[in-house]
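Reviewing the structure listed below.
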Amino acid sequence: MKKTALSVSIKTVLSLCLLASPGVALAQSGAAMDNANNNAKFKRCGTKHPSIQEAALKEQHFTAMRGKPGGGDDGGYTPRPAGSVSVDVHFHVITDSSNNGALSSGEINSQMAVLNDAYAGTPFTFNLVATTVTANNAWYNVGYNTSAEQQMKTALRQGDAGTLNIYAANIGDGLLGWATFPSSYASAPLDDGVVILTDSMPGGDAAPYNEGDTLTHEVGHWLGLYHTFQGGCSGSGDYVADTPAEKSPAYGCPVGRDSCTKGKNAAGLDPITNFMDYTDDSCMYEFSEGQSARADEQSNTYRGL
Amino acid sequence: MNTIYHFIFVCMLSLLGSSEVAAQRLAVPEYVTCDRNQLTSWQGEITRVNRKGNSVDLAIETDYGTSESMTMAGASWEEVIAQFRLAGRPFTADDWSQLFDTEGNHRRGLRAIIWLCQADDQPPIVNWQLPGR
C-alpha cells in the first residue's frame with residue numbers, strides 16, 4: 001500500500017479503537033457489575049449519542065457497501081422472488097431447572113408456521129434445522145445486555161451471519177423480545193440473533209402478544225428493519241418510503257391513528273397493522289413492499305443471504 | 001476499499017455505542033391501566049430531570065431517535081411519585097435519591113420507559129431504570 005494520507009488515517013482510527021473505545025470499557029465494567037450482583041438484569045445500552053445519528057451512519061455504510069452498478073441509494077435494486085431465500089434456523093429453548101419453559105415440537109412448529117406466513121410474499125422462508133433445549137436458571141430469566149445473555153449466546157449460537165438463532169426464554173424487563181441488526185454481525189458475531197419471551201409464542205400466556213408475532217417483529221429487525229415509528233415525524237424515519245411516518249409507538253389497535261401531519265412521509269394514517277409497530281398481535285398482519293425490499297437488500301449485503 | 005470503509009465503520013460504531021435497544025418490542029405492563037388504543041410510550045435515556053417542589057421536569061432521548069420532554073406535577077410529592085416505578089416495582093420516596101449521583105446530577109445512563117395516555121384522567125407513568133445494576 002502506498003504511504004498516503006489514507007494510511008495515516010487508518011493508523012489514527014486503529015489508535016482510537018484500541019485505546020479509546022468506550023464500548024469495550026463499558027462491556028468490561030458491565031461484566032464486573034453483573035458478577036457482583038446476581039439480580040443484574042437492567043438494560044445497559046451505553047448509548048452516548050442520539051440513536052438517530054447512529055441510524056444515519058448505518059445507512060451511509062449500507063449505501064456504500066451494497067453492490068450494484070452505479071451505487072447510490074436507489075440504484076434500481078431488483079428484489080428477489082418471493083420465497084427464493086431460505087434462512088436456516090436454530091431454535092434454542094431455555095428452561096429452568098424445574099423444566100418451566102419447555103416447548104413441544106408442535107409448539108415450535110406452530111411458531112415457525114406463523115413466521116413463514118408473515119413473510120410470505122417476501123423473498124424469505126425460514127427452515128428449522130435444529131432445536132436445542134438447555135436448562136439454566138440464569139439464562140431462563142435472561143435480561144437484555146447482561147452477562148447471562150452473553151454466556152447463553154456464546155454457548156449456543158450456531159452457523160454464520162446468514163443463520164438465524166432464536167432463543168426462547170422467560171425474559172425480563174417487561175420485554176417481549178429483542179434482536180440484533182445485520183450491520184452488527186461483523187462487530188459482534190456471537191451476539192447475533194433473536195431473543196423472545198416464550199409466552200409470546202402461539203398459545204402462550206402473554207396476551208395480547210401470544211400469537212407468535214413477536215418473533216415476526218424481531219426477525220424483521222434481524223433482517224434490517226426499524227420500527228415504523230423510528231425517527232418520529234421528521235427525518236428519514238425507518239428508511240422505507242411506503243410506511244407513513246409515525247410519531248411514537250402505537251399499542252392496542254387504534255384504527256384511524258394519524259400521529260404525523262407534517263414532515264417527510266407524513267401522508268397516510270399510522271401503519272398500525274405493520275409488523276414493525278407495537279400494536280397487539282391480532283392487529284398486525286403485514287410488511288410493506290418497501291420493507292420487503294429493504295430486508296432483501298440488507299440481508300444480501302450483510303448476511304450473505 | 002470497501003474493507004477499509006467497513007473497518008472504519010465498525011470502529012466508529014464502537015465509539016458511538018449500540019443502537020440495539022432500538023430492536024426491542026415492549027409489552028404493556030399490568031400497572032398501566034390506560035386503554036391500549038390510547039397509549040404510547042417513550043423509551044430511552046434521560047437527559048434532564050429536575051425537581052421543583054411538587055413537580056418534576058424531565059427530558060428523554062428516545063431509542064427511536066426523538067427528543068421528548070414533559071413536566072409532571074401534583075398537589076404533593078407523594079402524588080407525583082405515585083406515578084413512578086423503579087424497574088417495574090412501586091417507587092418510594094427513598095428511591096428518588098438513587099436517580100442522582102453524589103454531585104446531584106442525574107446518573108449517567110439513567111433510562112426510563114414513560115407511558116403516556118390520551119385520556120385526561122390517566123397521568124403519565126415513568127418506569128425508571130437505573131444504569132449498571
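Other protein chain C-beta atoms within 10 Å of residue C-beta, averaged over A:204-212: 1. Between A:Val255 and A:Glu289, residue separation times 0.36 nm minus the direct Cα-Cα distance comes to 10.1 nm.
Note on A:Ala113 and B:Gln98: the model spin-label points, each 7 Å out from Cα along the C-beta direction, lie 4.5 nm apart.
Rounded to whole numbers, the Karplus 3J(HN,Hα) couplings from phi for the range B:80-90 are 5, 6, 5, 8, 9, 9, 10, 6, x, 9, x Hz, using 6.51 cos²θ - 1.76 cosθ + 1.60 with θ = phi - 60°, and x at Gly and Pro. Taking the average, over residues, of other Cβ atoms within 10 Å as the packing measure, peptides A:257-266, B:22-31, A:175-184 rank A:175-184, B:22-31, A:257-266 from highest down.
One decimal place: the segment B:Thr71-B:Glu30 gains 12.4 nm when fully extended, by the rule 0.36 nm per residue minus the C-alpha distance. Spatial offset of the range A:89-154 relative to the range A:246-305 amounts to 24 Å, using the alpha carbon center of each.
From the C-alpha gyration tensor of the range A:104-208, pull out the three semi-axes of the equivalent ellipsoid (sqrt of 5λ each), sorted largest to smallest, in whole Å. Please list the in-between numbers first.
Numbers: eigenvalues 84, 71, 35 Å².
Output for the range A:104-208: semi-axes of 20, 19, 13 Å.
Since only B:Met70, B:Leu39, B:Ser97 are under comparison, the one whose Cα sits farthest along the positive direction of the charge dipole of the range B:27-129, derived from C-beta charges on Lys, Arg, Asp and Glu, is B:Ser97. Between B:Arg108 and A:Asn99, the distance separating the two model label sites (each 7 Å from Cα on the Cα→Cβ line) works out to 4.9 nm. Near A:Ser86, the amide H atoms lying under 5 Å from its own belong to A:Thr125; only residues 5 or more places off or on other chains count, and H is placed 1.01 Å from N.
Cα centroid separation, the range A:172-201 to the range B:24-55: 23 Å. Converting phi to 3J(HN,Hα) with the Karplus coefficients 6.51, -1.76 and 1.60 and the offset θ = phi - 60°, the range A:280-285 yields 4, 3, 6, 8, 8, 8 Hz in sequence order, with x at every glycine or proline. Across the range A:138-150, coupling constants 3J(HN,Hα) worked out from phi with the 6.51/-1.76/1.60 Karplus curve, θ = phi - 60°, read 5, 6, 4, 9, 4, x, 5, 6, 10, 5, 4, 5, 4 Hz, and Gly and Pro carry x.
For the range B:27-129, the calculated P(r) over all alpha carbon pairs, in 10 Å bins from 0 to the bin holding the longest distance, is 15, 51, 31, 3, 0 percent.
Please give the contour-minus-distance gain from A:Gln158 to A:Val133: 0.36 nm per residue of separation, less the Cα-Cα distance, rounded to one decimal in nm.
Values: separation 25, 0.36 × 25 = 9.00 nm, distance 1.38 nm.
Length difference between fully extended and current span is 7.6 nm.
Take each residue of peptide A:226-239, count the partner chain Cβ atoms within 10 Å of its Cβ, and average: the result is 3.
Could you work out, residue by residue across A:172-179, how many beta carbons of other chains sit within 10 Å of that residue's beta carbon, and then give the average as an integer? Can you show the working numbers first?
Working: counts 2, 8, 14, 4, 4, 5, 6, 5.
Mean number of neighbouring Cβ atoms from other chains: 6.
Backbone N atoms of the range B:76-115 closer than 14 Å to the 7 Å Cα→Cβ label point of B:Asn50 belong to residues B:105-106. In terms of overall dimensions, the range A:157-305 has a Cα radius of gyration and Dmax of 15.4, 45 angstrom.
We did not get these values from a lab; they are worked out from the coordinates using the rules stated. Note that this is a predicted model, so its numbers are computed, not measured. Because the Cβ atoms are built from the backbone with ideal geometry, glycine has one as well, and the counts that use them run over all protein chains shown.
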